[in-house]
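Values in this text are rule-based calculations from the coordinates and carry no lab data. Owing to the predicted nature of the structure, the values given are computational and were not obtained by experimental measurement. Glycine gets a Cβ as well: all are built from the backbone with ideal geometry, and neighbour counts include every protein chain shown.
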Amino acid sequence: MDIDVSHYKRIVILTGAGVSAASGIRTFRGKDGIWDEHNVGEYGHVSVLNKRPDLTWKLFGQLRTQVRESQPNKAHLVLAALERNLDPSQQFTLITQNVDGLHRRAGSINVVELHGNVTRIRCSNDDCDLAPYHDEAIHDRGVLLCQKCLSVLRPDIVLFGEQLPPVQSAQAKLVLQDCDLFVAIGTSGIVPPAARYVQMADTAGARTICVNLEPMAPRNAAFKEEYLGKAEELLPGLFGVGH
C-alpha cells in the first residue's frame, strides 16, 4: 500500500537509526552495533564528559569517522524528494533522532535534529556565548578547550543523562499537536520519543504508520499501520517518489 501524501496538510516524519543503516552508520544497539565495542551507556554519559572528556571524544570520534565516509542513501533521498514535491499549502516536518546530519545532506530542509549533530561542536559551559560550529575532526589527542571561556568543548549532541534540547523538543511537540499524517521510520515505536510522539499524533486524529525492520514487540496500539522491511527499500514504493 502506498501513501498518497496529497491527502494530508500537516505531515510529520520521525526517523531513527534504521534510516541511516544503509549509509554505513552503525547503530548503537543490535547486531554489530557500537554497543558491542564500547560501553556506550558509560562513555556516552554526561558524567564522563565532566570527568574524562577524552573518553567522550573517543566514542563519538569513531562515529564522526563513519559520518565523514558515508553518503545519504535512498531513504534519505526519498524523504528529501517528498518534501520538495509537496504543494506550498502543505506543511512538512522531519524529526530525526539521528545525529549524522544525512537528512540535510540529502536535501531535506525542515529538519528538527532532536538529539543534535555529531559534526557540530559546542561549549560545555551553558553560560558561554560561543556559537556551535561545524567540525568533522576526530579529536582523539588531548582535550579541546573553548577559546572564549576555556571550558571543555564537546560534540553538540544529547548524551545519556541529559534532557532533550528545549527548543527542538518544543518544535516537535508543536507540529505533532495538529498533524494529520505521522510516519515513524527506522525506529522501534515502543520507546520514547517515538512512543510518546505517536500517542500525540493519534490524539490529534492523524494517520499513524510505523516503518521498521522488525515488528513492534509489544505492539504500540497508537500505530494503526505497520510496514516491515528496510527503509531504503520500502520508502520509494510507500511514498511513490524516487529521487
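List of remarks:
- Overall, the ratio between the Cα radius of gyration of the range 132-181 and 2.2 N^0.38 Å, rounded to two decimals, is 1.67.
- Distant alpha-carbon pairs in the chain (separation over 34 angstrom), percent: 17
- Rounded FRET efficiency, nearest 0.05, which uses the C-beta distance separating ASP178 from CYS128 and R0 of 41 Å: 0.65
- Here the chain is assigned +1 on the Cβ of each Lys and Arg and -1 on the Cβ of each Asp and Glu. Its dipole about the Cα centre then comes out at about 240 debye.
- Estimated FRET transfer efficiency when R0 is 25 angstrom, pair ILE109-GLU162 (beta carbons, to 0.05): 0.40
- Applying a threshold of 26 Å to the alpha-carbon distances of LYS58/LYS173; LYS58/LYS148; LYS9/LYS74; LYS173/LYS224 flags LYS58/LYS173 as lying beyond it.
- Rounded to the nearest 20 debye, the dipole size of the range 45-110 about its Cα centre is 300 debye, using +1 on the Cβ of Lys and Arg and -1 on the Cβ of Asp and Glu.
- For the chain, share of DSSP beta bridges that run antiparallel, in % to the nearest 5: 25
- Formal net charge of residues neighbouring ALA131 (Cβ-Cβ distance under 11 Å; K, R +1; D, E -1): +1
- Cα-based Rg of the range 51-137 normalised by 2.2 N^0.38 Å, two decimals: 1.28
- Based on the Stokes-Einstein relation at 4 °C and a viscosity of 1.567 mPa s, and on the Kirkwood radius from alpha carbon pairs, the range 62-107 is assigned a translational diffusion coefficient of 111 µm²/s.
- Residues whose amide H falls under 5 Å from that of LEU14, counting only those 5 or more places apart or on a different chain, are ILE95, VAL183, ALA184, ILE185, with hydrogens built in the peptide plane.
- 16 Å reach of a label modelled at GLN171, 7 Å along Cα-to-Cβ, counting backbone N of the range 105-145: 105-121, 132-134
- If R0 is taken as 45 Å, the Cβ-Cβ distance between GLU225 and GLN71 corresponds to a FRET efficiency of 0.90.
- Against the rule of thumb 2.2 N^0.38 Å, how large the Cα Rg of the range 45-87 comes out: 1.85
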